[in-house]
1. So in the range 178-229, with the set limited to residues that are without any contact (Cβ under 8 Å) to a residue 24 or more places away in the chain, of a type outside the set (A, V, I, L, M) and within 22 Å of GLU239 (Cα to Cα), which one is surrounded by the fewest Cβ atoms within 10 Å (Cβ to Cβ)?
2. Of the conditions (1) part of a loop (DSSP other than H, G, I, E, B); (2) touching a residue at least 60 places away in the same chain (Cβ under 8 Å), PRO233 clears all except one; give me its number.
3. Please work out which residue is surrounded by the most Cβ atoms within 10 Å (Cβ to Cβ), limiting yourself to the range 15-48 and to residues that are modelled with pLDDT under 90 and assigned to a loop (DSSP other than H, G, I, E, B).
4. Condition test on PHE244, is it aromatic (Phe, Trp, Tyr), crowded, with 19+ Cβ neighbours inside 10 Å, more than 17 Å from ALA321 (Cβ to Cβ) and under 16 Å from the mean Cα position of the chain (by Cα)?
5. Scan the range 284-303 residue by residue and report those that are modelled with pLDDT of 95 or more and either among the hydroxyl-bearing types (Ser, Thr, Tyr) or touching a His at 6+ places or on another chain (Cβ under 7 Å) (or both).
6. Scan the range 28-53 for residues that are without any contact (Cβ under 8 Å) to a residue 40 or more places away in the chain, on the phi < 0 side of the Ramachandran plot and of a type outside the set (S, T, N, Q) and jot them down.
7. At least 2 residues that are within 22 Å of CYS203 (Cβ to Cβ) in each: list the strands (runs of 3 or more DSSP E) lying fully within the range 70-178 that qualify.
8. Would you be able to tell me the number of residues in the range 230-260 that are at pLDDT below 90 and either among the aliphatic types (A, V, I, L, M) or touching a Leu at 6+ places or on another chain (Cβ under 7 Å) (or both)?
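The values are calculated or read from the model by the stated rules, or taken from the named source; none is laboratory data. All figures in this text were calculated on a predicted structure; none of them were measured in a lab. Positions of Cβ are generated from backbone atoms using ideal geometry, with glycine treated the same way; all protein chains shown enter the neighbour counts.
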Amino acid sequence: MIWHFQVVHHDLWDYDVASQPTLVDYRGTPAIAITTKMGHVFVLDRVTGKPLLPVEERAVPKSDIAGELASATQPFPANPALGQMPIEPWGITAEDRDWCAKQIAALRYEGIFTPPSVGGTLVYPSNVGGVNWSGSAYDPARGLLIAPVNRLPVAVRLIPRERFDEVASKAEDNRMTGEFSRQRGTPFGMYREVLASPHELPCIAPPWGQLAAIDVRDGSKRWEVPTGKVTTPSGKTIEGLPGFGGALVTAGGLVFLSGTMRDDTLRAYDVENGRVLWSTPLPAGGQAAPMTYRIGGKQYVVISAGGHGKAKTTMGDSVVAFALP
């Protein structure tokens with residue numbers, strides 16, 4: 001492994017480390033904020049688990065698999081989910097849009113929590129959607145929960161156990177765009193793939209990735225901005241790329257975020273409004289969460305930049321550190 005440190009100077013900093021992510025203060029009550037892949041945000045009493053913001057049970061679609069009994073309801077926060085937008089076929093060309101429309105129409109979709117099916121289900125905002133593995137960060141001074149959000153259409157299909165090996169063996173060369181899961185001990189295996197047009201862009205309109213700030217005192221969304229951008233071969237710039245990196249919030253009012261697809265950039269956002277204040281290219285994709293520490297009277301922000309094959313970012317093996325003079 002090659003360790004590559006690069007120190008860059010910038011005059012926007014002068015901050016202290018923010019508190020641990022997800023542990024929040026709800027109007028004086030110690031609480032925890034839970035973010036989900038549906039884009040939901042739940043704020044719970046840290047001791048009892050009691051919801052501190054309104055939660056209601058809503059009816060959700062039934063499973064169409066014989067013998068499978070899915071829950072008739074799911075808990076929904078009263079505030080709208082992050083990143084939720086109507087599902088409308090999209091493409092950079094009319095042909096792409098028409099192709100996407102046919103793919104979407106062929107899949108079952110009755111809203112989030114639509115169960116997977118043998119015929120194919122549209123899962124939205126997807127297995128990497130909503131707030132993914134990166135979780136959220138918290139600004140205790142402002143009471144803001146900062147969360148990177150993805151919204152992608154994913155086609156999921158259940159494969160009967162007796163056919164799984166045959167189907168999977170014929171698609172071994174597809175692992176960078178799709179994923180098989182054996183789901184051992186069940187009657188079905190599973191295949192899922194992002195629903196993308198012939199130009200390899202998601203079949204719904206961007207933004208596909210956003211950064212959002214939520215006021216944990218009432219669950220309202222303070223702001224939401226697209227993350228990352230890419231220019232297509234035709235010269236069209238698209239903002240709002242899906243991301244696989246966590247956010248770092250500092251007491252000085254900055255949010256550091258990288259990890260977006262097709263974009264090797266680390267950015268610093270204004271925690272008050274989401275405006276980009278600073279950015280710098282990384283030697284490889286920053287599909288990671290930045291960290292910060294102070295030593296010798298100087299504070300550093302560090303991120304691993306190793307790239308990600310499925311994110312289509314530059315591959316590498318670097319750890320990059322940034323600091324003020």
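1. Filtering the range 178-229 down to residues without any contact (Cβ under 8 Å) to a residue 24 or more places away in the chain leaves 178-185, 196, 200, 226.
Within this subset, residues satisfying the condition of being of a type outside the set (A, V, I, L, M) are 178-185, 200, 226.
Now restrict to residues that are within 22 Å of GLU239 (Cα to Cα): 200, 226.
Working: GLU200: 12, PRO226: 17.
Result: GLU200.
2. Condition not satisfied by PRO233: (2).
3. Top of the filtered list is ALA18.
4. Details: aromatic (Phe, Trp, Tyr): yes; crowded, with 19+ Cβ neighbours inside 10 Å: yes; more than 17 Å from ALA321 (Cβ to Cβ): yes; under 16 Å from the mean Cα position of the chain (by Cα): yes.
The answer is yes for PHE244.
5. none
6. Initially, the range 28-53 is screened for residues without any contact (Cβ under 8 Å) to a residue 40 or more places away in the chain, giving 28-30, 32, 34, 42, 44-52.
Those still in the list that are on the phi < 0 side of the Ramachandran plot too: 29-30, 32, 34, 42, 44-48, 50-52.
Of everything in the range 28-53, those that are without any contact (Cβ under 8 Å) to a residue 40 or more places away in the chain, on the phi < 0 side of the Ramachandran plot and of a type outside the set (S, T, N, Q) turn out to be PRO30, ILE32, ILE34, PHE42, LEU44, ASP45, ARG46, VAL47, LYS50, PRO51, LEU52.
7. Numbers: elements: 73-77, 121-123, 137-139, 144-150, 154-160.
The qualifying strands (runs of 3 or more DSSP E) are 121-123, 144-150, 154-160.
8. Keep residues of the range 230-260 that are at pLDDT below 90, which gives 230-236, 251-252.
Subset that is either among the aliphatic types (A, V, I, L, M) or touching a Leu at 6+ places or on another chain (Cβ under 7 Å) (or both): 230, 251.
Count: 2.
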